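Colleague: Just dropping this structure here.
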Amino acid sequence: MKHTAFDYQRVQVSEGIELNVATTGSGSPVVLLHGFPQTHLMWRHVAADLAADHTVIMPDLRGYGDSDKPADTGLTYAKRTMGADVVEVARQLGHDRFALAGHDRGALVAFRTGLDHPGHVTHLASLDVLPTLDMWDVMRGTSAAVGFHLFLMAQPPGLAEEMIGATPDAFFGHFLDAWGGTPFPEDVRAEYLRASREAVTSIVADYRASATIDVEHDAADKAAGAQLAMPVTVLQQDWGAALGFDAKALWQAWAPDLDHRTVSCGHFMAEEAPEVVAGAIRDLLER
């Protein structure tokens, strides 16, 4: 599903792999990365705001939407690999430096991009995740049942793909319905289900990477004392109250220049409260 206000092109990010990229607006570049189980379409409202004075770049992540879905080799869906995709998309569109915002899975890609490419990322916004190491650390006890999908898709190849592939609309629809504060428009919900249904194997590979290679990369950076060098804004639901942790403190360890905000809407905040998200990104860009 293409949004009528966006321009579209396919951008080759590495040999044999192309991403579907939507753009709109003009001005200094802002790259927006979608989450699960969605596509670039989730940014339609925020992009309409930012496009007044920014070039807004919205790729479908590799393995999602209408982007290519290469077979997993172990590094294919590492956030380090996906972050390199982001830098290459921006470069091919003429931007060496850009602001970057990500939601959910896209926020994990944004986090890794900021650590790996500080010379390219001027500002970083993260919507409703914790960094991977911290995420796994807080997921314990019965309250962690809300993240059952993380554990399912962390398993070796085979079982998760078979189970999810048997009833994809029920699986992906569960998250669309359970995580949001307001229902999606029917055509948008149908598009997210279509895109996810056609990407079961690559979506599982993306999640599996977060339990394997991404942990290795993040642990190495943590041991080395690596931090995000740019101004960072984090928007989150109040997970800490539910799961018993201090989200701001966890983020502060990675992001010294941090603006941490708790929101009252559901997980899909770019669609539920686009004015809040766009306003936070605009505030970030002024720092």
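The values are calculated or read from the model by the stated rules, or taken from the named source; none is laboratory data. What you are looking at is a predicted structure, and each value in this text was computed from that prediction instead of being measured. Reconstructed Cβ throughout: ideal geometry from the backbone, glycine too, with neighbour counts over all protein chains shown. Ligands, DNA and RNA are excluded from the accessible area calculation, which covers all protein heavy atoms including side chains. Shrake-Rupley method; radii C 1.70, N 1.55, O 1.52, S 1.80 Å.
Colleague: Can you tell me which residue is nearest to residue 27 (Cα to Cα) among those in the range 107-135 that are open to solvent by 10 Å² or more (accessible area, probe 1.4 Å) and among the β-branched types (Val, Ile, Thr)?
Modeller: Across the range 107-135, the extreme among qualifying residues is 122.
Colleague: If I filter the range 58-79 for residues that are touching a Ser or Thr at 6+ places or on another chain (Cβ under 8 Å) and assigned to a helix (DSSP H, G or I), do I get at least one hit?
Modeller: Within the range 58-79 (the criterion being touching a Ser or Thr at 6+ places or on another chain (Cβ under 8 Å) and assigned to a helix (DSSP H, G or I)), the answer is yes, since at least one residue qualifies.
Yes/no per residue for (1) of a type in the set (D, E, K, R); (2) out of contact with any Gly (no Cβ under 6 Å at 6 or more places or on another chain); (3) closer than 24 Å to residue 82 by Cα; (4) at pLDDT below 95:
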site	(1), (2), (3), (4)
201	no, yes, yes, no
221	yes, yes, yes, no
227	no, yes, yes, no
237	no, yes, no, yes
242	no, yes, no, yes
268	no, no, yes, no
279	no, yes, no, no
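Colleague: Check whether at least one residue in the range 85-106 is outside any helix (DSSP H, G or I), in contact (Cβ under 8 Å) with a residue 40 or more places away in the chain, closer than 22 Å to residue 213 by Cα and open to solvent by 10 Å² or more (accessible area, probe 1.4 Å), and report yes or no.
Modeller: yes
Colleague: A follow-up question, please. How about the range 136-167: which of its residues are in a helix (DSSP H, G or I), at pLDDT 95 or above and either open to solvent by less than 30 Å² (accessible area, probe 1.4 Å) or touching a Gly at 6+ places or on another chain (Cβ under 6 Å) (or both)?
Modeller: If the condition is that a residue be in a helix (DSSP H, G or I), at pLDDT 95 or above and either open to solvent by less than 30 Å² (accessible area, probe 1.4 Å) or touching a Gly at 6+ places or on another chain (Cβ under 6 Å) (or both), then 149, 150, 160, 164 are the ones that fit.
Colleague: Which one of these is within 17 Å of residue 270 (Cβ to Cβ) and in contact with a Phe, Trp or Tyr (Cβ under 6 Å, 6 or more places away or on another chain): 1, 58? Spell out how you get there, then give the answer.
Modeller: Numbers: 1 fails: in contact with a Phe, Trp or Tyr (Cβ under 6 Å, 6 or more places away or on another chain).
The match here is 58.
Colleague: On to the next question. Hey, does the range 124-142 have a residue that's closer than 25 Å to residue 263 by Cα, of a type in the set (Gly, Ala, Ser) and touching a strand residue (DSSP E or B) at 6+ places or on another chain (Cβ under 9 Å)?
Modeller: yes
Colleague: Can you pull out every residue in the range 168-189 that is within 18 Å of residue 35 (Cβ to Cβ) and either part of a loop (DSSP other than H, G, I, E, B) or open to solvent by 30 Å² or more (accessible area, probe 1.4 Å) (or both)?
Modeller: Within the range 168-189, the first condition is being within 18 Å of residue 35 (Cβ to Cβ), and the residues that meet it are 168, 171-185, 188-189.
Result: 174, 177, 178, 179, 180, 181, 182, 183, 184, 185, 189.
Colleague: Shifting gears a bit: If you take the residues in the range 231-287 that are open to solvent by 40 Å² or more (accessible area, probe 1.4 Å) and β-branched (Val, Ile, Thr), which one is nearest to residue 178 (Cα to Cα)?
Modeller: The selected residue is 262.
Colleague: How about the range 19-32: which of its residues are over 19 Å from residue 200 (Cα atoms) and either modelled with pLDDT under 95 or open to solvent by less than 10 Å² (accessible area, probe 1.4 Å) (or both)?
Modeller: From the range 19-32, those over 19 Å from residue 200 (Cα atoms) are 21-32; that's our starting set.
Those that are over 19 Å from residue 200 (Cα atoms) and either modelled with pLDDT under 95 or open to solvent by less than 10 Å² (accessible area, probe 1.4 Å) (or both): 21, 22, 30, 31, 32.
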